[in-house]
Amino acid sequence: MKHIWKLFFRVLLRLLYKVEVTGLENYEKAGDRVLIIANHTSLLDGILLYAWLPETPTFAISRKIAAKKTFKPFLFFVDLFEMDPSNPLSVKSMVKYIKKNKKAVIFPEGRITVTGSLMKIYEGPSLIADKSNATILPIAIEGAQYSPLSYMKRRGYVCWFPKITVKVLPTAKIKISSHIVGHERRKIASQQLQEIMYKLSYSSVDKRRTLYMAMLDASKQFGKKKIILEDIKREKVNYGELILRSILLSCLIKKRTNADEHVGILLPNVNAFPIFFFALQFIGRIPTLLNYTSGALNIKRACVTAQVKTVYTSRTFLENARLEKLIKELEKDVIVICLEDIKKNITFITKLSALYMSKNPAKYYSKNNLNTKPNAKAVILFTSGSEGYPKGVVLSHTNILANYAQVRCHINFNPTDTVFNCLPLFHSFGLNAGLLMPLLGGGKIFLYPSPLNYRVIPELIYELGATIFFATNTFLKGYAHYAHPYDLNTLNYVIAGAEKLHVDTMELWMHKYGLRILQGYGVTEASPVISVNNKMLNKSGTVGRLVSDMEYYIKPVDGIENGGLLVVRGPNIMQGYLSHHKLGQIEAPATERGLGWYDTGDIVVVDDDGFITILGRAKRFAKVGGEMVSLSAVEELASLTWPNMEHAAFTLHDEHKGERVVLITNQKNPIRKELQKIAKSIHVSELVIPKIIIYIEKIPVLSTGKTDYVSITKLGKSYLEHKKNKQLE
């Protein structure tokens with residue numbers, strides 16, 4: 001009889017929700033004594049597992065949930081083990097039950113999600129798995145959170161019959177040394193289960209697609225009329241309009257470019273940027289993002305490195321940004337086309353053709369058969385702040401989608417979110433975290449052209465009711481000085497990256513706005529996120545723990561006892577570099593351990609809980625008195641001494657005295673003794689105290705928010721040279 005009911009539910013659920021189940025072979029491999037864990041998305045979860053699991057396991061359910069009337073009909077089909085995950089007696093009973101070589105299903109979150117992503121993971125399930133020595137069988141459920149049987153009605157997009165996928169993952173086990181007992185054992189077991197749940201969430205995202213297909217899938221999931229883009233002109237764009245405009249624009253670009261060509265984009269943060277980006281994706285051209293703040297020489301060098309023949313820009317943008325001279329210089333080497341000019345070539349037939357294709361975009365995208373493989377090139381970005389010829393970073397579709405899946409476990413992007421993005425889209429942080437990730441999650445993105453308007457941005461965040469905000473330490477400090485205490489009230493997530501987050505910035509935001517800044521860490525070569533703190537797992541002063549499906553090792557560095565170079569590997573690591581030395585060739589990342597490993601160039605410490613602390617760039621260490629001194633530590637000391645001011649450190653080579661540390665600050669009348677006093681109070685070595693301190697009114701920053709150390713070093717050297725000449729006079 002139960003078999004007939006199983007079959008009935010399978011047919012019904014497939015008919016209504018187009019349920020797709022994969023990985024059932026992992027169930028067979030699990031054997032006996034199995035703890036089946038799943039994310040809790042809706043009231044459908046139990047029925048889904050009952051219908052598709054080969055056997056009918058016992059369901060371990062909270063007594064409160066089991067008592068609900070809506071749950072009663074489910075008891076007719078399954079065996080129930082009522083328990084309280086926080087009660088030691090319930091846990092012991094469950095352990096005894098599983099030790100009898102039984103299979104049981106448990107939802108470690110203890111309740112149905114109200115955010116659409118993972119919530120708090122209870123300690124009980126990890127203790128059950130550890131003490132019973134059970135095999136853990138993770139099952140990822142995706143899509144059910146958007147059904148009316150979820151708890152997302154007021155917090156996200158809900159439709160009657162969303163597509164549901166159920167993925168049975170390979171088995172796992174809680175592995176802890178027998179000599180570890182008590183609280184420490186419970187803590188480790190809980191951490192290991194948390195990691196399994198993150199992998200479960202990560203696995204539910206399909207990474208075997210291209211960015212264009214992922215955007216089309218998001219459009220189907222959240223509806224073509226869902227508003228996803230808005231810019232400073234207050235023009236709103238929904239998924240349907242993004243698809244139509246990208247196809248229309250692609251018809252015009254196609255005539256001027258070739259398949260697989262690297263096409264330059266020189267545009268600010270406006271709606272035209274993502275439309276143009278996806279237009280190139282639709283016809284298999286590779287977007288090559290150029291930094292319009294880097295000057296004509298660097299842009300020309302980037303075009304040489306990436307073999308860019310054509311650059312698209314906007315005449316309005318060039319006039320507003322006063323870049324006419326830059327473009328005239330660029331036109332000597334490449335073809336520059338303004339979007340305003342190609343719009344003139346749009347005919348009625350072109351519009352009709354684009355409209356027709358937009359009704360079934362997936363069909364015509366596949367029909368192009370250009371750049372439709374997940375491992376193909378998706379975008380080319382350039383490393384920032386480097387001298388000489390810039391390196392092109394080639395990211396594949398899989399790289400970017402893998403990083404989206406990794407970040408989604410920690411920062412939930414859902415249809416009720418508004419992401420305020422003022423970070424430049426030619427930078428990986430602005431493009432991937434600030435645009436593509438929320439776009440795929442159904443969130444709305446407000447694009448603002450410059451992060452430097454410290455007074456305007458907080459006011460806009462208030463007006464829009466923005467919920468997610470990405471920025472750098474420098475910018476966060478600037479906004480905090482000008483924002484009204486209520487301007488940032490709607491923000492749920494404030495994420496800092498690209499440079500070290502200083503203690504004084506964190507304290508300023510906490511005291512003035514009651515907001516905790518979550519610090520993350522990434523590099524362009526990792527698409528970009530490598531680690532991130534989240535609301536459940538956050539350790540101040542660190543950049544969080546490694547995201548799912550990544551490995552690392554620490555490479556020793558001479559002169560540094562505690563810490564070393566961070567080397568990483570994962571599906572989000574770039575295809576490789578484009579270099580002007582080897583035009584047309586992609587140099588894949590590799591270290592002494594082989595291909596795929598990427599040396600970040602950052603010196604870090606990883607604690608016992610897996611949290612990463614950045615000590616500084618390997619290039620930003622000075623040898624003082626025979627010891628290695630981090631210039632980041634010098635800046636941190638200055639921040640503690642003179643909070644809410646800006647500081648930057650660099651080194652000068654002296655033939656007689658070796659390397660000398662110089663601090664540049666906008667603290668008026670800086671006194672070295674004040675640094676010494678703070679250094680003594682926090683037990684910091686005297687070597688960290690700079691020998692020379694220079695006051696300037698404003699610290700130069702790059703458009704990405706990072707400190708412009710090239711300009712700072714030139715300013716410092718010029719100042720000291722001028723001072724020396726005066727003394728000689």
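Could you please let me know if Lys723 is at pLDDT 70 or above and assigned to a helix (DSSP H, G or I)?
Considered against the rule, which asks whether it is at pLDDT 70 or above and assigned to a helix (DSSP H, G or I), Lys723 comes out as no.
Take segment 112-151 and flag every residue that is hydrophobic (A, V, I, L, M, F, W, C), outside any strand (DSSP E or B) and farther than 18 Å from Glu55 by Cβ.
Residues satisfying the conditions are Ile112, Val114, Leu118, Met119, Ile121, Leu127, Ile128, Ala129, Ala144, Leu149.
Would segment 649-668 turn up any residue that is modelled with pLDDT of 80 or more, out of contact with any Leu (no Cβ under 7 Å at 6 or more places or on another chain), of a type in the set (Gly, Ala, Ser) and crowded, with 16+ Cβ neighbours inside 10 Å?
No - not one qualifying residue is present in segment 649-668.
Go over the candidates Gly564, Gly570, Gly541, Gly576 one by one and state the one that is in contact (Cβ under 8 Å) with a residue 12 or more places away in the chain, out of contact with any Phe, Trp or Tyr (no Cβ under 8 Å at 6 or more places or on another chain) and farther than 30 Å from Gln194 by Cβ.
The match here is Gly576.
Residue-by-condition table, conditions (1) among the small types (Gly, Ala, Ser); (2) surrounded by fewer than 19 Cβ atoms within 10 Å (Cβ to Cβ); (3) without any contact (Cβ under 8 Å) to a residue 24 or more places away in the chain:
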position: Ile4; (1), (2), (3): no, yes, yes
position: Val11; (1), (2), (3): no, yes, yes
position: Val19; (1), (2), (3): no, no, no
position: Asn26; (1), (2), (3): no, yes, no
position: Leu35; (1), (2), (3): no, no, no
position: Ala38; (1), (2), (3): yes, no, no
position: Thr41; (1), (2), (3): no, no, no
position: Asp45; (1), (2), (3): no, no, no
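Select from segment 170-206 the residues that are touching a Lys or Arg at 6+ places or on another chain (Cβ under 7 Å) and not in a helix (DSSP H, G or I) and list them in ascending order.
Matches in segment 170-206: Thr171, Ile176, Ser204, Val205.
May I ask you to verify whether Ser294 is touching a Phe, Trp or Tyr at 6+ places or on another chain (Cβ under 9 Å), buried (at least 19 other Cβ atoms within 10 Å of the Cβ) and closer than 24 Å to Ile457 by Cα?
yes
Looking only at segment 297-309, count how many residues are surrounded by 22 or more Cβ atoms within 10 Å (Cβ to Cβ) and within 24 Å of Asn369 (Cβ to Cβ).
Looking only at that region, the number is 2.
Among the candidates Glu592, Glu587, Glu561, which residue alone is modelled with pLDDT of 90 or more, surrounded by fewer than 17 Cβ atoms within 10 Å (Cβ to Cβ) and more than 23 Å from Ser428 (Cβ to Cβ)?
Glu592 is the lone residue from the list that is modelled with pLDDT of 90 or more, surrounded by fewer than 17 Cβ atoms within 10 Å (Cβ to Cβ) and more than 23 Å from Ser428 (Cβ to Cβ).
A quick yes/no check of all residues on (1) over 13 Å from the mean Cα position of the chain (by Cα); (2) of a type in the set (Ser, Thr, Tyr); (3) within 17 Å of Val523 (Cβ to Cβ):
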{"site": "Leu425", "(1), (2), (3)": "yes, no, no"}
{"site": "Leu452", "(1), (2), (3)": "yes, no, no"}
{"site": "Glu459", "(1), (2), (3)": "yes, no, no"}
{"site": "Tyr462", "(1), (2), (3)": "yes, yes, no"}
{"site": "Thr472", "(1), (2), (3)": "yes, yes, yes"}
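Can you tell me which residue is surrounded by the fewest Cβ atoms within 10 Å (Cβ to Cβ) among those in segment 688-718 that are touching an Asp or Glu at 6+ places or on another chain (Cβ under 6 Å) and at pLDDT below 80?
Lys706
Pick out the one residue from Asn320, Asn371, Asn375 that is in contact with an Asp or Glu (Cβ under 8 Å, 6 or more places away or on another chain), over 30 Å from Arg617 (Cα atoms) and polar (S, T, N, Q).
Asn371
Is it fair to say Gly143 is surrounded by 22 or more Cβ atoms within 10 Å (Cβ to Cβ), of a type in the set (Gly, Ala, Ser) and modelled with pLDDT under 85?
Answer is no for this residue.
Take the residues of segment 504-541 that are modelled with pLDDT of 90 or more and among the β-branched types (Val, Ile, Thr): which is nearest to Phe611 (Cα to Cα)?
Here the answer is Val532.
The values are calculated or read from the model by the stated rules, or taken from the named source; none is laboratory data. Keep in mind that what you see is a predicted model, and the values were worked out from it rather than measured. Backbone-built Cβ (ideal geometry, glycine too); neighbour counts: all protein chains shown.
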